[in-house]
Amino acid sequence: MAKWLKRGRTDSEILKEQTHLSETVSEIIRNVEAQGDLAVRTYSEKFDSWKPESFRLSPDQIGKIFDEVEKTVIEDIKFAQEQIRNFAILQRASIRDIEVETLPGVILGHKNIPVNSVGCYIPGGRYPMVASAHMSILTAKVAGVKRVIGFTPPINGEIPKATVVAMHLAGADEIYILGGVQAMAAMAIGTKTIDPVDMIVGPGNAYVAESKRQLFGRVGIDLLAGPTEVLLIADETADAEMVACDILGQAEHGPSSPGALITTSEKLAKETILEIEKQLLVLPTADIARVAWEQNGQIIIVSDLEEAVIEADKLAYEHVEVLTQDPDFFLERLTNYGALFLGKETNVAYGDKVIGTNHTLPTNKAAKYTGGLWVGKFLKNCTYQKCTPEASLKIGEYAMRLCELEGFMGHKEQAALRVRRYGNVGTL
């Protein structure tokens, strides 16, 4: 039976924090809806001390930024985007339109139609999330979205130049330096200077995730990708240094980022706690990582690998690293995760930045019902149907009876009209 060597915050504590956050987000959205650009500008100045003449960057501004960014940085971004693009292209090729004759004269099909316009949020704040540009803007373009706009916040009152480079190279049609809930609301609702989009995507902090939740319905969203999560599943073959390193590597995202270890080895569990304390003494981002670990860290000791699968599926974490003798055991059995990292040779940082898979992934147990962002998220699977007169007669007879069974007499008449119209088709 599983036992906890360390637990994070309780559900009631998290719920209390979420209630206050939800009210704050609602107020900002209402004000943007009522006041448009004025509210956007007010919140930008309040939260980011950012009040440019225009939030949208001009082509000249973008060109100047490229001149100021080191060539090696641009080449690194291009390499990463090549990996993400290649995988996205292969994913797109796996999604096919179909048209089949299911009965004589009955033609059914579906088309995968790209969303017309998408707004992509590229997080900033403490860190410039350059890679998020590849994951959202580039993927949307591979899917065939006509208009893709990107929003990213200023960092300490400055334009995040490398992020802008990544957004432009990814194919953004419009680039805005604007962050937070006000950016999400502007994309979804629109203002005089910002045309609204049909869908908003991208990761972000708890406020960004909550704004997506509240805006869903008036626009589509990819998923609720809130504070990052990492779970390591390890047996006695793993070492505490690697486990601790990979937990803290995600904990530095923010103080609300959960990190967990599920292990069959109590020895490894105890060594990991000591190793985390050791690494926190030298980690440059320890001020954030320590809070995340102390408030949200978990260690679960299980009796065997089968129990590890059960506990991991309960957590349904965003990132799951498997450091065991046989990682494929979990590839075959796990069902609830955002992305899997199999074996000690790979890690979450690879997936986050460069390897080719998408890093916008489900959090807060959303992995129980959805995967992460990919080209398919930007496509609408739309069905269609066609019938010959003979097929309409056959289907209509069944439809009349089934509609009457449910009491839908208007529906029945739609079918009956065709039956009467095409009932003598064979004698014409």
Taking amide H positions as placed 1.01 Å from N in the peptide plane, with prolines and chain starts having none, which residues 5 or more places from LYS6, or on another chain, fall under 5 Å of its amide H? ILE299
Mark the label point 7 Å from the Cα of LYS380 along Cα→Cβ and return the residues of region 140-169 whose backbone N is within less than 14 Å of it. 145-147
What distance in nm separates the simple spin-label points at ALA34 and GLN295, each placed 7 Å from Cα in the Cβ direction? 3.1
Please give me the summed charge of the neighbours of HIS411: other residues whose Cβ is under 13 Å from its Cβ, Lys and Arg +1, Asp and Glu -1. 0
Accessible carbon and sulfur surface of the chain relative to its total accessible area, %, 1.4 Å: 54
For region 61-218, what are the per-bin percents of Cα-Cα distances with bins 5 Å wide, up to the bin holding the maximum? 1, 9, 17, 19, 19, 13, 9, 5, 3, 2, 2, 1, 0, 0
Note down the net charge around LEU379, summing +1 for each Lys or Arg and -1 for each Asp or Glu among other residues with Cβ under 15 Å from its Cβ. +4
Which order do peptides 259-265, 118-124, 199-205 fall in by mean Cβ count within 10 Å, highest first? 118-124, 199-205, 259-265
Surrounding net charge for ILE65, when Lys and Arg each add one and Asp and Glu each subtract one, Cβ distance under 13 Å: -3
Whenever you get a sec, line up LEU340, LEU215 from highest to lowest accessible area (probe 1.4 Å, protein heavy atoms). LEU340, LEU215
In the chain, what percentage of the DSSP-assigned beta bridges are antiparallel, given to the nearest 5? 35
Just how large is the dipole of the chain about the Cα centre, in debye to the nearest 20, putting +1 at every Lys and Arg Cβ and -1 at every Asp and Glu Cβ? 1840
Report ³J(HN,Hα) in whole Hz for each residue of region 27-41, in order, from the Karplus equation J = 6.51 cos²θ - 1.76 cosθ + 1.60 where θ = phi - 60°; Gly and Pro get x. 5, 5, 4, 4, 5, 5, 5, 7, 10, x, 4, 4, 5, 4, 5
Given the options ALA269, ILE200, LEU224, identify the residue whose Cα lies farthest towards the positive end of the charge dipole of region 200-285 (+1 on Cβ of Lys, Arg; -1 on Cβ of Asp, Glu). ILE200
Taking a ≥ b ≥ c as the square roots of the eigenvalues of the Cα gyration tensor, with a/c under 1.5 meaning rounded and otherwise prolate when a/b exceeds b/c and oblate if not, region 269-344 is prolate
Could you do me a favour and compute the accessible area per residue for the chain, 1.4 Å probe, result in Å²? 50
Return the subset of LYS141/LYS353; LYS192/LYS380; LYS78/LYS368 for which the Cα-Cα distance in this structure is over 30 Å, preserving the input order. LYS78/LYS368
Which length gain, in nm to one decimal place, applies between ARG7 and ILE62 when the Cα-Cα distance is subtracted from 0.36 nm times their residue separation? 15.1 nm
So if I place +1 on the C-beta of Lys and Arg and -1 on the C-beta of Asp and Glu, and nothing else carries charge, what would the dipole magnitude of region 27-154 be about its Cα centre? I want it in debye, nearest 20. 160
For region 367-378, Karplus-derived ³J(HN,Hα) couplings (6.51, -1.76, 1.60; θ = phi - 60°; whole Hz; x for glycine and proline) come out as 5, 6, 9, 8, x, x, 6, 7, 4, x, 5, 8
Let me spell out the model: positive unit charges on the Cβ of Lys and Arg, negative unit charges on the Cβ of Asp and Glu, origin at the Cα centre of region 187-310. What dipole size does that give, in debye rounded to 20? 820
Calculated FRET value between GLU27 and ASP198, using beta carbons and R₀ = 22 Å, to 0.05: 0.30
Counting only protein chains, not ligands or nucleic acids, how are ILE189, ILE395 ordered by accessible area (probe 1.4 Å), most first? ILE395, ILE189
Amide H to amide H, which residues 5 or more places from LEU178 or on other chains are under 5 Å from it, using H placed in the peptide plane? THR152
Counting sequence-distant residues (5 or more places) and residues on other chains, those with an amide H built under 5 Å from that of GLY220 are MET199, ILE200
Among HIS253, ILE149, VAL309, which residue has its Cα furthest toward the positive end of the charge dipole of the chain, with +1 on Lys/Arg Cβ and -1 on Asp/Glu Cβ? ILE149
With a cut-off of 8 Å between alpha carbons and a minimum separation of six or more residues, what is the relative contact order of region 38-184 in percent? 30
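The values are calculated or read from the model by the stated rules, or taken from the named source; none is laboratory data. Just so it is clear, the model here is predicted, and its values are computed rather than measured. When we count neighbours, we look across all protein chains shown, and the Cβ atoms used for this are built from the backbone with ideal geometry, even at glycine. Side chains included, ligands, DNA and RNA excluded: accessible areas come from the protein's heavy atoms. Shrake-Rupley method; radii C 1.70, N 1.55, O 1.52, S 1.80 Å.
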